[in-house]
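To start, the structure itself, in structure tokens.
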Amino acid sequence: MGESFVHLHVHTEYSMLDGAARLKQMFKQVTDLGMPAIAITDHGNMHGSFDFYKQATAAGVKPIIGIEAYVAPESRFQKRPVLWGEPHQRGDDVSAGGYYTHMTIWARNKTGLHNLMKLSSRAYTEGFVRKWARMDAELLAEHAEGLMATTGCPSGEVQTRLRLGQYDEALKAAAKYQEIFGKENYYLELMDHGLDIERRVRDGLVRISKELGIPPLVTNDSHYTYESDAASHDALLCVQTGKQLSDPDRFRFDGTGYYIKSAEEMRALDGSELWQEGCRNTLLVAEKVDPTGMFTHKNLMPTYPIPEGMTEEEYFRQEVWRGMERRFPNGVDEEHRRWVENEINVIVQMGFPSYFLVVADFIMWAKNNGIRVGPGRGSAAGSLVAYALGITDLDPIPHGLIFERFLNPERVSMPDIDIDFEHERREEVIQYVYRKYGRERAAIAATTIQYRPRSALRDLGKAFGLDPLQVRRLSSAVHWWDGREVAAERVREAGFDPANPVLARILELARELTGFPRHLSQHVGGFVISEGPLEELVPIENAAMPERTVVQWNKDDLNDLGLLKVDLLGLGMLTALRRAFRLVNDFRGTSWELGKLPPEDPNVYEMMSRADTIGVFQIESRAQMAMLPRLRPKTFYDLVIEVALVRPGPIQGDMVHPYLRRRTGE
């Protein structure tokens with residue numbers, strides 16, 4: 001291990017359209033090279049930190065959670081550019097025309113991870129300008145506990161000052177950050193990609209290292225896994241910047257070697273004692289990191305306000321039984337009693353009473369304020385407790401629905417309830433949640449948008465200089481492509497020669513790009529509510545709408561950490577129903593309630609059998625409308641069968657036509 005090396009400056013696929021290192025491949029390479037650990041330091045975000053942690057742990061590699069931070073040259077609240085040099089030095093001055101410098105930071109332990117999350121969150125909510133989430137020295141000093149940092153890459157403050165000939169200012173900057181992080185936690189970062197900006201500041205860095213006693217640390221500015229990935233990464237940069245590969249003025253990486261090099265390759269770059277010490281120090285930094293408890297699952301759900309003198313369990317039981325009495329005013333039969341008691345016990349055992357109370361609260365608020373709410377969808381409809389609390393409007397027992405599909409103590413997972421609100425008034429429900437729990441405790445869930453074959457082909461076609469018509473023809477011709485191979489006849493149909501080397505390269509790169517993160521987006525309905533301020537628990541960033549935030553992690557990771565996630569979906573059909581009922585009332589003087597309409601009206605089923613279902617939720621697709629005249633539903637359960645059959649599984653399994661033949665006696 002003494003001759004090994006740990007990569008501490010690594011841009012993964014979560015440095016969106018800049019890093020090209022897929023985590024799975026990266027961990028395989030690290031394992032093959034016998035390296036004990038690796039860091040993640042994506043540009044200005046922590047989008048991939050939890051995914052990185054999980055995959056590293058599974059691969060037997062110590063995860064080092066970090067970030068390549070954007071640091072404002074003055075205050076993070078200063079939104080104007082700041083330059084330190086003379087006009088003729090613009091090429092060597094503060095990055096992006098005066099908006100930020102870089103700093104490499106890692107979490108040493110659980111405390112450090114939470115401080116890193118706060119730094120990332122505040123960088124977005126307070127220091128964001130143009131497209132950069134920026135910290136500053138004040139914020140770093142406030143949250144430095146448990147962190148380690150370096151002077152950064154050539155765009156760091158110390159190196160920038162040195163390039164501008166401002167040695168005293170560079171020394172002051174290094175001393176400032178050494179004091180912030182502590183002498184034992186601040187390093188002099190050395191790189192060698194054959195760049196002039198690296199060589200020009202080397203003597204100044206060595207001098208600062210000696211004056212302040214800052215230990216050297218060697219890194220490689222890794223942006224992809226294998227050396228052979230360089231051309232693919234270059235194409236990815238063109239996709240990011242919207243430029244063509246043939247453009248001589250486009251952004252590109254100068255120098256070489258931006259991949260996961262072996263320990264031997266890293267040591268061979270420079271034979272000096274300073275460099276060799278910097279290589280050895282990567283192992284010391286990795287040893288300092290203690291990932292214990294960094295991402296431990298615990299109950300982070302908000303606590304519902306309970307009346308004084310009652311426990312959460314007592315109040316939960318009370319509210320469920322009050323709901324049962326409302327649902328069954330003539331008395332609760334023995335079967336329902338046994339069923340609901342069993343559910344209550346399971347929910348209490350799994351620690352989820354607060355979840356049900358919180359969800360029931362905002363659903364009942366919506367109903368009491370005239371906002372239409374869907375009757376329930378998914379596995380939650382199998383819960384009698386959900387029915388009693390008003391979360392759903394369907395008694396699961398007569399319909400044979402199974403509670404264990406929703407919650408099962410033998411398969412512990414967070415409840416997941418999708419709730420439909422009428423589209424036009426969904427915002428009122430969201431504002432109620434904000435008022436109830438506070439904006440600092442509620443945020444929108446995120447979802448990672450990945451490349452599909454067609455989107456990969458579109459972006460790569462532009463990068464390779466295809467005209468818009470060619471790009472459309474190519475992507476349309478392979479709309480069915482699974483990312484592995486494209487039949488030659490499909491390519492000819494699009495007007496291309498399958499033997500064309502440019503086309504072959506585009507298709508090859510599109511295969512590599514398929515499944516790659518393109519950007520982080522807001523989940524269509526996912527909402528996160530926590531027991532405390534979210535920036536204490538997860539990294540957040542600004543949402544598209546003012547005064548809202550988005551959790552930086554993918555929605556599917558939130559349940560693993562114990563956060564409450566609910567889907568507050570906006571459904572236009574519920575708005576249409578409200579308008580339709582109002583029209584009936586206006587023109588006929590009849591007041592309708594959805595739950596009181598007769599469920600087996602033969603005229604309605606006759607309409608469905610004619611496939612006259614445009615605008616009817618769940619049965620308005622072309623496939624559903626083709627099925628209805630053949631199935632000719634006469635009961636609600638016929639509709640259940642119809643909806644279940646028109647799904648990918650039954651269709652691909654050739655189950656639809658045999659069922660129809662048997663049903664109709666064909």
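Helix 167-181 versus the longest principal axis of the chain: what is the Cα-based angle in degrees, 0 to 90, to the nearest 10? The answer is roughly 50 degrees.
Taking a ≥ b ≥ c as the square roots of the eigenvalues of the Cα gyration tensor, segment 96-171 is classed as oblate, since a/c reaches at least 1.5 and a/b does not exceed b/c.
Counted over segment 105-232 with a bin width of 5 Å, the fraction of Cα pairs per bin, in whole percents, is 2, 10, 18, 19, 19, 16, 11, 4, 0. Working from the Cα coordinates of segment 588-666, the gyration tensor eigenvalues give, after taking √(5λ), semi-axes of 26, 13, 11 Å in decreasing order. Local charge for Gly60 was computed over the other residues whose Cβ lies under 13 Å away, with Lys and Arg +1 and Asp and Glu -1, and equals +2.
For the pair Lys131 and Ser232, the difference between a 0.36 nm per residue extended length and the Cα-Cα distance amounts to 33.9 nm. Considering only Cα atoms, the convex hull volume of the chain works out to 211 Å³ per residue.
Straight-line cross-link reach from Lys436 at under 25 Å between alpha-carbon atoms covers these lysines, not counting any fewer than eight positions away in the same chain: Lys118, Lys298, Lys367, Lys555, Lys565. Mind checking the angle between helix 468-477 and the chain's longest principal axis? C-alpha axes, 0 to 90 degrees, to the nearest 10. Roughly 50 degrees between the two axes. For segment 218-287, the average shadow cast by the Cα convex hull is 5.9 nm², which is a quarter of the hull's surface. Axis of helix 501-513 versus longest Cα principal axis of the chain: the two differ by about 70°, to the nearest ten degrees. Which FRET efficiency, nearest 0.05, do Ile306 and Leu284 yield, Cβ-Cβ r, R0 45 Å? Here the calculated transfer efficiency is 0.35.
Ranking Leu384, Thr575, His336 by how far each Cα lies toward the positive end of the dipole of the chain (charges on Cβ) leaves Thr575 at the top. Helical content alone sets the calculated 222 nm signal of the chain at -13000 deg cm²/dmol, taking -39,500 (n - 2.57) per DSSP H segment of four or more residues and averaging over every residue. When the Cα atoms of segment 410-557 are aligned to their principal axes, the ranges along those axes come out at 62, 40, 29 Å in descending order.
Taking the DSSP beta bridges with both ends in the chain, the antiparallel portion is around 55 percent.
Extension gain, Ser621-Arg252: 0.36 nm per intervening residue step, less the Cα-Cα distance, totals 128.2 nm. Each Lys and Arg contributes +1 and each Asp and Glu -1, all at the Cβ; summed about the Cα centre of segment 178-319, the dipole is approximately 380 debye.
Here's the picture: charge each Lys and Arg Cβ at +1 and each Asp and Glu Cβ at -1 in the chain, and of Leu407, Pro453, Ile651 the one pushed furthest to the positive end of that dipole is Ile651.
Every number here is computed from the coordinates shown, using simple stated rules; none is lab data. In this text the structure is predicted, and so the values were computed from the model without any measurement. Ideal geometry is used to build each Cβ from the backbone, glycine not excepted, and the neighbour counts take in all protein chains shown.
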